[in-house]
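None of the figures in this text is laboratory data; all of them are computed from the coordinates on show. These numbers were taken from a predicted model, which means no experiment stands behind them. Here the Cβ positions follow ideal geometry from the backbone for every residue, glycine too, while neighbour counts run over all protein chains shown.
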Amino acid sequence: MLRFLVRRLLMTVLVVAVTSVVAFSLVHLSGDPAAAMAGEGASPADVESVRKTYGFDRPLPEQYVTWLKRVFEGDFGRSHYLRASVAQVLADHAPITITLGALAIAFAVLLSIPLGVLAALYPNTLVDRLAVGLAVGGQAVPSFLFALLLIYIFGVTLRVLPISGSGSWAHFVLPAIALGYYATPAIMRLTRSGMLDALQSDHVRTARAYGLPAWRVIIKHALRHAMIPVVSLIAVQLGFMLGGSIVIETVFALKGVGYLAWQSIQRSDIEVIQAILLLIAAAYALLTLAADVLNGAIDPRIRVG
Amino acid sequence: MSVTAAMPTDVPRAPQSPGAVALRRLLRHGNFRIGGTILGLIILAAIVGPWLWPLDPASQDLGHRLAVPVWSAKGTWLHPFGTDQLGRDYLARLLQGARVSLTIGFLTVLLSGVIGTGLGVAAGYFGGRIDVAINFLITIRLTLPVVLVALVVVAVYGGSLPTLIVVIGLLLWDRFAVVTRSATQQLASRDFIISAQAIGSSIPRILFVELLPNLIGPLVVVATIELAHAVLLEAALSFLGLGVKPPLSSWGLMVAEAKNQLLFRPWMIAIPGTPLVALVLAINLVGDAIRDAVAADGRA
């Protein structure tokens, strides 16, 4: 187990290191950061002085090393647009995205696991078809369209929920549904197939033969077994959500990291963009690491190989 | 197949090739019929639509801004689907959007398919260090958030069609690589590959003549998934204002431009939104049917 852990950890560090290079080059190969920072009406002399101050006249590898060193010290640079340290800006925006992600995954789990179990209990019936149909249909609706539909129904027609901003808990309901919905088809399908396998397994048959109540067999014996792969899928889906929240946050004007990223791209606020790219990639890498370790802990066969 | 030719004619028909079986199964599949019909209609609309409705999708008719569609009380056949804020004909923009969606979708899948299959086959066939390196590349690709990276690149290089195709194509190859890698690993130990190696076939011959034809089933399935993915991604990028740029039209862009009309003119979102959902749904249905058709004989 220890060897497996160490190897996966090294791999994660390596992955994050390479993504940091990608994040840095994506932003820096993209034209002239000094010109973007100096603003539209800047004279060539102004641009030159910005270039000197921020070290943009140095070779890129040198700039990268300097940037990385500062990142290790917790200094992500300064947002030239917001005139604040990037670390501070991120600390202001991160809680909203984390809340949104947690609520969205909670919604996804509460919707998809019962649906998946129902579909597996009554395979090839109307219930199963409805659940699978919901998953297939849901995957076809783009997130921004689904978000606008939610706004139209609950915000405009019924007027029961706020549609913009992040003032209260109610502001998170629609965004969490819109974001969480995208994780439901995958979780539901995996729950369904896991339950189908589990229900036919020997230990469930034995439990039934013992005369245990049906719900107990289903929840305690079958579902527990079926949940093993689902748990790590949930971790990976949470990673996807961090990257995908950009669309949802923009539609609902939730001032989280995704919205910040979108605004920063339009403002050419490169220090913010590269910090967000790096952090989201690192969060995703850590979540997949967690999923792998969890799987390895549950299923010893994964550790070898 | 020379065995078939040598057989006497009165013997019952020889077993059909796996491809023919899969095709027959596919054509009888309900999902394929529904999805295929919708997909066919959208492709047809994209190809001949702009001919049949030759209004310029970019020309602004400022006297008829925000015209209502023909089915509402004040609608006219002058603009069957109404017009947008700038008085551009909604039907013409819709048809151009179909072309944009399909062009971006099919070309990105072609690009990502070639990249992903190349990497996946190389990793699966050669194994060892090459496999480790390519696996690492796949992990890196999965770690990068697709929407965010695409937004950054498009913000830099602009939202021209070729840029969008290259960016999306370079981002969506991972599933092709993962699937072809494991399929190749399974095939590499099969007799027909080992015999080809034994008679001294060149590596390109083994890969292209022996291996690749056996990957077509899984490849087509992944291609449908990524086609839907690419269409959704283009729509999302255009919706965020960093995809297809006006005056060119795109369904995602049309939704974005009509966003502020949600309260009073919801049809302006429904009109581009419906074909977008229909297109992705149709692609998914066709993909599911193909998966059923090729998986049932155990070759997937």
As an exercise, find the ratio Rg/Rh for segment A:95-256 from alpha-carbon atoms, using the Kirkwood inverse-distance average for Rh. 1.06
Among B:116, B:152, B:254, which residue has its Cα furthest toward the positive end of the charge dipole of segment B:82-295, with +1 on Lys/Arg Cβ and -1 on Asp/Glu Cβ? B:152
Explain nothing, just the number: dipole magnitude of the protein assembly as shown about its Cα centre with +1 on each Lys and Arg Cβ and -1 on each Asp and Glu Cβ, in debye rounded to the nearest 20. 1320 debye
Which value results for Rg/Rh of segment A:31-121 when Rg is the Cα radius of gyration and Rh the Kirkwood radius based on the inverse mean 1/r? 1.29
Please state the relative contact order of chain A as a whole percent: Cα pairs under 8 Å, 6+ residues apart? 26 percent
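Give me D for the protein assembly as shown in µm² s⁻¹, whole number, from Stokes-Einstein with Rh from the Kirkwood sum over alpha-carbon pairs, 10 °C and 1.306 mPa s. If you can, show how the numbers build up before the last one.
Working: Rh = 26.7 Å.
Estimated via Stokes-Einstein, D reaches 59 µm²/s.
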Nothing charged except the Cβ atoms of Lys and Arg (+1) and of Asp and Glu (-1): what's the magnitude of the dipole of segment B:82-295 about its Cα centre? Round to the nearest 20 debye. 260 debye
Taking K and R as +1 and D and E as -1, what net charge do the other residues with C-beta under 11 Å from the C-beta of residue B:86 add up to? -1
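For chain B, what is the mean residue ellipticity at 222 nm derived from helices alone (per DSSP H run of n ≥ 4: -39500 (n - 2.57); sum divided by total residues; nearest 500 deg cm²/dmol)?
Details: 12 runs with 199 residues, N = 300.
Only helices count here, giving -22000 deg cm²/dmol.
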Using DSSP to define loop residues, name the trypsin sites (Lys or Arg not before Pro) in segment A:130-197 whose beta-carbon has at most 15 other beta-carbon atoms within 10 Å. A:159
Summing -39500 (n - 2.57) over every DSSP H run of at least 4 residues in chain A and dividing by its residue count gives a helix-only mean residue ellipticity at 222 nm, to the nearest 500 deg cm²/dmol, of -24500 deg cm²/dmol
For segment A:95-256, what does the relative contact order come out to in percent, with C-alpha contacts under 8 Å and a separation of six or more? 36 percent
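Lys and Arg at +1, Asp and Glu at -1: add these up for the other residues within a Cβ distance under 14 Å of residue A:210 and post the number. Working shown, then result.
Details: positive: A:205, A:208, A:216, A:220; negative: A:202.
Here the charged neighbours net out to +3.
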Longest exposed-loop-site-free stretch of chain A, with GluC sites (Glu not before Pro), DSSP loop and at most 15 other Cβ within 10 Å? A:74-305
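Filter the trypsin sites (Lys or Arg not before Pro) in segment A:1-107 down to the DSSP loop ones having no more than 15 other Cβ atoms within 10 Å, then list what survives.
In loop regions of segment A:1-107 (DSSP not H, G, I, E or B), the sparsely surrounded trypsin sites (Lys or Arg not before Pro) are A:83.
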Of the options B:106, B:90, B:67, report the single residue whose Cα projects farthest towards the positive end of the charge dipole of segment B:59-133 (beta-carbon charges: Lys, Arg +1; Asp, Glu -1). B:67
What range in chain B is the longest one free of chymotrypsin sites (Phe, Trp or Tyr not before Pro) that are in a loop by DSSP and have at most 13 other Cβ atoms within 10 angstrom? B:78-263
C-alpha long axis of helix B:90-126 to longest principal axis of chain B, angle in °: 20 degrees
Among B:34, B:269, B:194, which one shows the biggest mean-square fluctuation in a GNM of chain B, springs joining Cα atoms closer than 10 Å? B:194
Using a 10 Å cut-off on Cβ to Cβ distances, tally the other chain neighbours for every residue of B:270-280 and report the average as a whole number. 3
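Give me the number: length gained by fully extending residue B:20 to residue B:37, i.e. 0.36 nm times residue separation minus the C-alpha to C-alpha distance, one decimal in nm.
4.0 nm
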Estimated FRET transfer efficiency (residue A:45, residue B:28; beta-carbon r; R0 60 Å; 0.05): 0.25
Determine, for the protein assembly as shown, the count of lysine pairs separated by eight or more sequence positions (or lying on different chains) whose alpha-carbon distance falls under 26 Å. 5
By the DSSP-based rule, helices of chain A that are at least 30 Å long along the axis (C-alpha) and have a mean Kyte score of at least -1.0 are A:2-28, A:86-121, A:224-252, A:270-298
Per-residue average of Cβ from other chains inside 10 Å of A:248-254: 1
Report the trypsin sites (Lys or Arg not before Pro) located in segment B:155-202 that are in a DSSP loop and have at most 14 other Cβ atoms inside 10 Å of their Cβ, or state none. B:190
